[in-house]
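**Student:** Shown below is the structure under consideration.
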Amino acid sequence: MKNIYCSVFGHQYVITKKITLHVYEYKCKHCSVQMTTNSKGELTPLTPKYKEINLVLRHIHNKKMAKQENLLVFKH
Ligand SMILES: [Zn+2]
């Protein structure tokens, strides 16, 4: 799906989901194309494969965050 605005000015991404501190999912606000950050920190199209990877990443990340929160509570 090609949007004239996007082919002239480029996509304008907004963050739709924060997966980890470094990985986000983006969506172009003009043509709704979805992108994500890959392991090299580059933008790449959000394919079903990457959606799956991000789900796993987020799961691991949430677990880590929960652990850290527990530690903080424990320290206090
Ligand atoms: Zn676009």
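**Student:** In degrees from 0 to 90, rounded to the nearest 10, what is the angle of the helix 48-75 Cα long axis to the longest principal axis of the chain?
**Tutor:** Roughly 30 degrees between the two axes.
**Student:** May I pose another question? Using the crude model of +1 on Lys and Arg Cβ and -1 on Asp and Glu Cβ, and no other charge, please compute the dipole size for the chain relative to its Cα centre, in debye to 20. Show your work: numbers first, answer last.
**Tutor:** Numbers: 13 positive and 4 negative charges, 33 e Å.
In debye, rounded to 20, the chain gives about 160.
**Student:** Here's a follow-up. Excluding THR36 itself, calculate the net charge of residues whose Cβ lies under 9 Å from the Cβ of THR36, where each Lys or Arg counts +1 and each Asp or Glu counts -1. Kindly include the intermediate steps, with their values, before the conclusion.
**Tutor:** Working: positive: LYS17, LYS51; negative: GLU25.
Summing Lys and Arg as +1 and Asp and Glu as -1 gives +1.
**Student:** Probe radius 1.4 Å, ligands and nucleic acids ignored: give me the carbon and sulfur share of the accessible area of the chain as a rounded percent.
**Tutor:** For the chain, the apolar C and S fraction of the accessible surface comes to 59 percent.
**Student:** While we're here: Take the alpha carbon atoms of the chain, find their radius of gyration, then divide it by 2.2 N^0.38 Å using N residues; give the quotient.
**Tutor:** 1.40
**Student:** Any idea of the accessible area per residue across region 1-57, 1.4 Å probe, to the nearest Å²?
**Tutor:** Values: 4140 Å² over 57 residues.
Accessible area per residue, region 1-57: 73 Å².
**Student:** Another question about this same structure. Using 16 Å as the cut-off for backbone N distance, which residues of region 21-47 belong to the label zone defined by a point 7 Å from the Cα of GLN68 along Cα→Cβ?
**Tutor:** 21-24
**Student:** What distance in nm separates the two pseudo spin-label positions at LYS17 and VAL33, each 7 Å out from Cα along the beta-carbon direction?
**Tutor:** Each label point lies 7 Å from its Cα, and together they span 2.0 nm.
**Student:** Now for a separate question. Just tell me which lysines come within less than 25 Å, Cα to Cα, of LYS40; anything on the same chain fewer than 8 places away is out.
**Tutor:** In chain and number order, the partners are LYS17, LYS18, LYS27, LYS29, LYS49, LYS51, LYS63, LYS64.
**Student:** Which of the listed residues, LEU71, THR47, MET35, is farthest toward the dipole's positive end in region 34-76, when Lys, Arg count +1 and Asp, Glu count -1 at the beta-carbon?
**Tutor:** Farthest towards the positive end: LEU71.
The values are calculated or read from the model by the stated rules, or taken from the named source; none is laboratory data. Bear in mind that the values here come from a model prediction, so they are computed numbers and not experimental data. Cβ: placed from backbone, ideal geometry, glycine included. Neighbour counts: every protein chain shown. Keep in mind that these areas ignore ligands, DNA and RNA; they rest on the heavy atoms of the full protein, side chains included. Shrake-Rupley method; radii C 1.70, N 1.55, O 1.52, S 1.80 Å.
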